[in-house]
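This report refers to the structure that appears directly beneath it.
The values are calculated or read from the model by the stated rules, or taken from the named source; none is laboratory data. All figures in this text were calculated on a predicted structure; none of them were measured in a lab. All Cβ positions, even for glycine, are placed from backbone atoms using ideal geometry, and neighbour counts span all protein chains on display. When the accessible area is computed, the model is the full protein with side chains, heavy atoms only, and any ligands, DNA or RNA have been set aside. Shrake-Rupley method; radii C 1.70, N 1.55, O 1.52, S 1.80 Å.
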Amino acid sequence: MVSVEVKDGPRIVIRHHRILLKKSGGKLPKVELEDTGPTMELSIRRSQFAAPELMKMALRQPKGLKPKKVKNISYGEGLGDTVGKVHVKKQDMKDLALRKMKGLRKGALKAAEQGENDDDHDDDEK
C-alpha cells in the first residue's frame with residue numbers, strides 16, 4: 001500500500017506499507033501496517049515562475065496533438081452519445097431499379113392515369 005501525506009508547510013511524505021492480517025479473538029482479523037520499501041519526504045524549496053515568454057514557450061503544444069474536427073458529427077449531452085448526419089441526394093422514384101412488376105410498367109401507369117381521368121369525366125356528367 002502506498003500512502004501520500006501533505007504535512008504542515010510545503011512538505012509531501014510518501015511511504016510504502018505492507019498490510020498484515022493477524023488472528024484476533026473475533027471474526028475479523030487484526031490489521032497492521034509494516035513499513036517496507038522507500039520512504040520519501042519531498043519539500044518545495046522554490047516557487048518562482050519563469051518569465052512570461054519562457055513560460056509561453058514551455059507550455060506550447062504541437063498542432064499534431066490536437067484532434068482533427070470530424071465533419072457532420074456532434075456529441076450529445078450524455079456520456080458517449082455521438083450523433084451523425086448523413087446527407088443523401090433526393091432519389092427519383094421512376095429511375096429506381098426495382099423488380100419489374102406489372103403495376104410499375106409505363107403502360108400500366110398510363111392506363112391507370114387514363115382510368116382516373118375517365119372517372120373524373122363521369123363525375124362531371126352526373
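Quick check on this structure: which one of LYS100, LYS69 is under 35 Å from the mean Cα position of the chain (by Cα), at pLDDT below 85 and of a type in the set (D, E, K, R)?
Working: LYS100 fails: under 35 Å from the mean Cα position of the chain (by Cα).
On inspection, the qualifying residue turns out to be LYS69.
From the residues in region 1-11 that are over 38 Å from the mean Cα position of the chain (by Cα) and not in a strand (DSSP E or B), which one is surrounded by the fewest Cβ atoms within 10 Å (Cβ to Cβ)?
Of all residues in region 1-11, those over 38 Å from the mean Cα position of the chain (by Cα) come to 7-11.
Narrowing the set further to residues that are not in a strand (DSSP E or B) leaves 8-10.
Working: ASP8: 5, GLY9: 7, PRO10: 11.
Filtering region 1-11 for residues that are over 38 Å from the mean Cα position of the chain (by Cα) and not in a strand (DSSP E or B), the one surrounded by the fewest Cβ atoms within 10 Å (Cβ to Cβ) comes out as ASP8.
Per-residue answers, yes or no, for (1) in contact with a Cys (Cβ under 9 Å, 6 or more places away or on another chain); (2) assigned to a strand (DSSP E or B); (3) modelled with pLDDT of 90 or more; (4) open to solvent by 100 Å² or more (accessible area, probe 1.4 Å):
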position: VAL13; (1), (2), (3), (4): no, yes, yes, no
position: GLY26; (1), (2), (3), (4): no, no, no, no
position: VAL31; (1), (2), (3), (4): no, yes, yes, no
position: PHE49; (1), (2), (3), (4): no, no, no, yes
position: GLU53; (1), (2), (3), (4): no, no, yes, yes
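Out of SER74, SER43, SER47, I need the residue that is among the hydroxyl-bearing types (Ser, Thr, Tyr), within 41 Å of the chain's Cα centre (by Cα) and under 30 Å from VAL88 (Cβ atoms). Which one? Steps first, answer last, please.
Working: SER43 fails: under 30 Å from VAL88 (Cβ atoms); SER47 fails: under 30 Å from VAL88 (Cβ atoms).
Exactly one residue qualifies, and that residue is SER74.
With the condition kept exactly as written, say whether any residue in region 67-86 is open to solvent by 100 Å² or more (accessible area, probe 1.4 Å), more than 30 Å from ARG11 (Cβ to Cβ) and polar (S, T, N, Q).
Step one: list which residues in region 67-86 are open to solvent by 100 Å² or more (accessible area, probe 1.4 Å), which gives 67-69, 71, 75, 77, 79, 85-86.
Filter again for more than 30 Å from ARG11 (Cβ to Cβ), leaving 67-69, 71, 75, 77, 79, 85-86.
Those still in the list that are polar (S, T, N, Q) too: none.
Checked region 67-86: no residue is open to solvent by 100 Å² or more (accessible area, probe 1.4 Å), more than 30 Å from ARG11 (Cβ to Cβ) and polar (S, T, N, Q).
Consider only pairs whose beta carbons are under 7 Å apart and that are at least six residues apart or on different chains; among these, list those whose first residue lies in region 82-98 and is more than 17 Å from LYS71 (Cβ to Cβ) and whose second residue is among the aliphatic types (A, V, I, L, M) and not in a loop (DSSP other than H, G, I, E, B).
From region 82-98, the pairs are LEU98/LEU104.
On the given criteria, is GLY107 small (Gly, Ala, Ser), loosely packed, with under 10 Cβ neighbours inside 10 Å and either at pLDDT 85 or above or not in a strand (DSSP E or B) (or both)?
Values: small (Gly, Ala, Ser): yes; loosely packed, with under 10 Cβ neighbours inside 10 Å: yes; either at pLDDT 85 or above or not in a strand (DSSP E or B) (or both): yes.
When the stated conditions are applied, GLY107 passes them.
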